[in-house]
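In what follows, a structure is listed as structure tokens, so that the remarks can point back to it.
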Amino acid sequence: MMRKLFTLTLALMLAVSLVITSAAAEETASWMPEWDMDADVVVVGFGPAGAMAAKSAMENGASVLVVEKANKEFAGGSAPTSQGFIKPYTAEEIFQSASGRLTMENAQRILDRENESITWMQENGLELQGQTSVGYGKGFYDVLVKGMEALNVNVLYETPAKKIIADPMTHEVYGIQCENAAGETLYIKANKGVILCTGGYLANKELLTRFHFADLPDIANLGAPTQTGDGLLMALEIGAGVDGVSEQQIEWYGYSYKKASDEMGTAILHLAGAMAPDARIFVNSKGERFMNEEAYIVHSKFQMPFLEYDGTFPVYNGYANLPMYVIFDSTMFDADAVGPHDYGCGYASNLGIYNWSADNKAELERGWLVQADTIDELVVKLAEQSGNEAIDAETLKKTIETYNGYCEAGEDADFGRESLFLSPVSTGPYYAAQIVPTAVYTIGGLRGGENGETLDWQGNPIPRLYHAGDIGQPTKYVISALQGCMALGDIAGEACAQLESH
């Protein structure tokens with residue numbers, strides 16, 4: 001009797017086991033696709049981080065496939081839009097900027113990889129003028145591509161990644177789902193792992209609002225429009241943790257003309273020409289100055305005056321000094337370009353999207369600037385151009401009168417603008433435009449380990465998922481420059497290539 005009961009129990013256990021095994025097989029079949037191609041290491045994004053991740057993985061014996069969202073002409077993310085700035089840093093600076101995210105040993109390793117990466121770039125033709133790459137960021141990126149092509153790296157352009165394929169229970173990564181240039185779905189298996197190098201999310205206004213600002217209406221994007229946080233969002237879907245998303249991770253770059261930027265789909269900078277008197281002021285919707293117009297905000301971390309928030313609605317979602325405008329006179333307009341003419345930074349300038357005219361007349365004709373003989377007429381035209389309520393003309397006149405008095409006295413009693421840059425706004429015709437704050441990239445996002453592992457919210461590595469570059473920098477700006485992205489890519493590529501295959 002006992003033997004019969006034991007036999008029945010064993011049979012039942014085997015049956016249950018078969019059911020569980022069958023269910024598991026069906027579950028596996030439901031999420032595991034039929035792969036179209038494979039490589040040991042799949043790199044998503046072909047900027048400096050992605051390129052060096054691919055190079056490092058190949059040097060460590062792995063086969064590599066890179067997928068890039070943009071076409072070849074506009075690939076590279078923030079790198080080709082930059083000034084190609086290469087500044088030497090110390091390990092101590094890297095360590096301090098990481099705010100506890102790095103050990104001193106890791107900071108030194110990053111510095112060593114930075115130096116190795118730049119040496120490799122120079123061997124492939126990179127030239128520097130001081131600390132700037134010849135040809136600016138586009139010149140830097142062209143050298144990078146040349147070096148990678150010499151290594152026969154396989155890059156699929158116009159192939160954005162759409163999803164990370166991972167075990168729904170363990171989150172172990174098996175590959176990615178992409179879409180090719182023809183709009184067809186493509187499944188790529190990663191035998192060892194995936195490295196996300198998709199850059200920041202400056203072009204994603206929803207993420208900027210959720211991570212940083214309460215409904216800030218406009219931030220012009222000087223960087224690549226492809227920086228929409230794709231890798232970050234895909235990683236979050238499988239449980240990745242977030243780190244380093246604060247105002248310190250927004251890299252500001254001055255101000256842009258709103259109408260021009262909206263029309264061109266990228267930031268068109270407002271600049272004070274080098275040959276022109278600085279006969280301009282910035283004013284808010286009340287017609288009042290609110291800042292030192294010469295304050296250098298590029299990569300700065302101080303509290304930006306345009307971010308002053310008092311919660312008053314409906315005017316510009318509670319931002320006290322928005323909308324903001326630039327007002328200048330004919331001495332500035334006639335002397336030099338007030339926009340990026342043969343400039344070396346930004347998507348519009350470096351990738352040939354738009355070059356501001358030397359005499360400003362083309363932009364005036366396009367309606368990007370308004371012109372008037374009197375201030376009364378100017379505020380009316382400015383309201384028509386911007387679609388905002390008109391500035392009170394009398395308040396603006398008093399603001400200009402006060403500012404011109406500071407120019408005569410040689411001292412800005414309100415905002416401390418240096419006397420060298422105090423030129424009166426006094427010679428008509430007058431010019432104006434709405435301007436908006438401008439940023440060039442973001443450098444926060446994914447939580448990472450010392451070898452580029454992507455960590456979950458509990459600090460555990462997501463199996464076979466790595467990242468490098470602006471998608472998850474461990475520092476505030478210092479190593480997020482070009483050489484820092486390359487170093488982090490190099491480290492992640494090496495670590496991923498050393499994994500055992502599935």
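The values are calculated or read from the model by the stated rules, or taken from the named source; none is laboratory data. Because the structure is predicted, anything quoted here is derived from the model rather than measured. All Cβ positions, even for glycine, are placed from backbone atoms using ideal geometry, and neighbour counts span all protein chains on display. Heavy atoms of the whole protein, side chains included, go into the accessibility calculation; ligands, DNA and RNA do not. Shrake-Rupley method; radii C 1.70, N 1.55, O 1.52, S 1.80 Å.
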*Of the residues Ser300, Ser386, which is of a type in the set (Ser, Thr, Tyr), touching a residue at least 40 places away in the same chain (Cβ under 8 Å), surrounded by fewer than 16 Cβ atoms within 10 Å (Cβ to Cβ) and under 26 Å from Thr266 (Cβ atoms)?*
Ser300
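Got a sec? Which of Gly489, Gly493, Gly484 is in contact (Cβ under 8 Å) with a residue 12 or more places away in the chain, within 23 Å of the chain's Cα centre (by Cα), farther than 21 Å from Val64 by Cβ and not in a loop (DSSP other than H, G, I, E, B)?
Gly484
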*Give the residue that is surrounded by the fewest Cβ atoms within 10 Å (Cβ to Cβ), with candidates limited to residues of the stretch 66-124 that are part of a helix (DSSP H, G or I) and of a type in the set (Gly, Ala, Ser).*
Ala91
*Do we find a residue being small (Gly, Ala, Ser) and not in a helix (DSSP H, G or I) anywhere in the stretch 391-405?*
no
_Matching residues, the stretch 317-354, being under 17 Å from Lys286 (Cα atoms) and either free of Cβ contacts under 8 Å to residues at least 60 places away in the same chain or surrounded by fewer than 18 Cβ atoms within 10 Å (Cβ to Cβ) (or both)_ = Asn317, Gly318, Ala320, Asn321
_Is it the case, given these coordinates, that Glu408 is open to solvent by 50 Å² or more (accessible area, probe 1.4 Å) and over 31 Å from the mean Cα position of the chain (by Cα)?_
yes
*Looking at the stretch 214-224, is at least one residue of a type outside the set (Val, Ile, Thr), out of contact with any Lys or Arg (no Cβ under 6 Å at 6 or more places or on another chain) and open to solvent by 60 Å² or more (accessible area, probe 1.4 Å)?*
yes
*asked:* Here's a check for you: in the stretch 357-382, which residue that is in contact (Cβ under 8 Å) with a residue 40 or more places away in the chain and more than 35 Å from the chain's Cα centre (by Cα) is most open to solvent (accessible area, probe 1.4 Å)?
replied: Asp373
_Selection within the stretch 218-271 - within 12 Å of the chain's Cα centre (by Cα) and part of a strand (DSSP E or B)_ = Ala220, Asn221, Ile250, Glu251, Trp252, Tyr253
*Phe290: modelled with pLDDT under 95 and either buried (at least 23 other Cβ atoms within 10 Å of the Cβ) or in a loop (DSSP other than H, G, I, E, B) (or both), yes or no?*
no
*asked:* Restricting to the stretch 152-170, name every residue that is more than 20 Å from the chain's Cα centre (by Cα) and open to solvent by 70 Å² or more (accessible area, probe 1.4 Å).
replied: Asn152, Asn154, Lys163, Met169, Thr170
*Matching entry among Val436, Val425 (being in contact (Cβ under 8 Å) with a residue 40 or more places away in the chain, open to solvent by less than 20 Å² (accessible area, probe 1.4 Å) and more than 35 Å from the chain's Cα centre (by Cα))*: Val425
